[in-house]
Amino acid sequence: MAKTLNEQKHTDQRLRLLAQARRLFAAKGVKETSMSQVAKACRVTKATLYHYFKSKDAVLREIFRSHSDAKLAVVQVLKGAADLEECLYLMGKGMIEDMARRDQQELMRILLSETMKSAEMRKFYLHFITEQIGTIVQEVLAPMARCPKPEKEVRLLFFQFFASLMHYCWHQIMVGDISPLIGDKETFVRTLARTYAMRFKEA
């Protein structure tokens with residue numbers, strides 16, 4: 001029992017360190033944030049921080065890995081959708097709800113900032129997004145759509161769907177409510193899901 005409690009304590013501390021590092025990286029930038037600043041914000045010693053993460057790069061990669069793991073878990077939920085339109089609807093609704101959360105907004109700020117500064121970060125993000133899109137296309141969309149299109153075209157359609165959602169989310173975050181322009185969130189997601197479900201099935 002003591003071992004289980006210690007493992008839980010270790011996991012909780014690790015998540016707390018990652019959350020604080022994510023906030024600092026989003027607010028100040030990765031290069032501009034030191035491990036000492038992360039440790040101070042978490043009220044731990046620098047040695048404790050290094051016990052959990054060997055470097056700042058390791059912290060950053062773990063932030064993205066945790067995000068990726070969460071997204072891949074969603075794949076199993078999407079597989080249970082009744083049809084392709086419902087699958088896209090659930091995906092879109094979930095993404096918009098996620099992007100309203102502080103942690104997701106922090107993650108996106110890091111991505112936007114760091115990919116503009118670092119070739120290594122651009123390479124890392126390209127691998128990250130390629131892996132996620134590939135998994136969703138191969139495991140969910142292509143089988144559900146029974147699509148006659150080649151996989152490359154399916155990936156392109158999904159990227160367009162994904163980009164439309166991202167564009168909507170960023171307008172909501174940066175500008176505010178855009179429902180007077182395009183209708184409410186539910187209408188937007190339903191229409192987008194219906195439109196792309198038909199496009200996936202086109203011969």
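Things to note:
- Scanning region 16-39 for residues that are of a type in the set (K, R) and in contact with a Ser or Thr (Cβ under 9 Å, 6 or more places away or on another chain) gives a single hit, K31.
- Qualifying residue in region 123-144 (condition: over 22 Å from the mean Cα position of the chain (by Cα), surrounded by 18 or more Cβ atoms within 10 Å (Cβ to Cβ) and either among the β-branched types (V, I, T) or at pLDDT below 85 (or both)): yes
- The lone criterion from (1) surrounded by fewer than 17 Cβ atoms within 10 Å (Cβ to Cβ); (2) within 23 Å of the chain's Cα centre (by Cα) left unmet by S179 is number (2).
- Consider region 78-104 and keep the residues that are outside any helix (DSSP H, G or I) and touching a residue at least 40 places away in the same chain (Cβ under 8 Å). The one that is nearest to R22 (Cα to Cα) is A100.
- Some residue of region 181-194 being in contact (Cβ under 8 Å) with a residue 40 or more places away in the chain, out of contact with any Lys or Arg (no Cβ under 8 Å at 6 or more places or on another chain) and closer than 30 Å to E62 by Cα: no
- The residues of region 1-40 that are within 21 Å of R101 (Cβ to Cβ) and either assigned by TED's automatic domain parsing to the domain that holds R109 or of a type in the set (D, E) (or both) amount to a single one, D12.
- Qualifying residue in region 41-49 (condition: under 28 Å from I129 (Cβ atoms) and either in the same structural domain as I136 (by TED's automatic domain parsing) or not hydroxyl-bearing (S, T, Y) (or both)): no
- Condition met for R22 (surrounded by fewer than 17 Cβ atoms within 10 Å (Cβ to Cβ), modelled with pLDDT of 90 or more and in contact with an Asp or Glu (Cβ under 9 Å, 6 or more places away or on another chain)): no
- Qualifying residue in region 167-174 (condition: crowded, with 18+ Cβ neighbours inside 10 Å, out of contact with any strand residue (DSSP E or B) (no Cβ under 6 Å at 6 or more places or on another chain), modelled with pLDDT of 85 or more and closer than 18 Å to D98 by Cβ): yes
- Number of the exception - L107 against (1) free of Cβ contacts under 8 Å to residues at least 60 places away in the same chain; (2) touching a His at 6+ places or on another chain (Cβ under 7 Å): (1)
- In region 31-77, the qualifying residues are those that are aliphatic (A, V, I, L, M), modelled with pLDDT of 90 or more and under 22 Å from the mean Cα position of the chain (by Cα), and the one that is surrounded by the fewest Cβ atoms within 10 Å (Cβ to Cβ) is A58.
The values are calculated or read from the model by the stated rules, or taken from the named source; none is laboratory data. None of the values given here were measured: they were computed from a predicted structure. Note: ideal-geometry Cβ built from the backbone for every residue, glycine included; neighbour counts use all protein chains shown.
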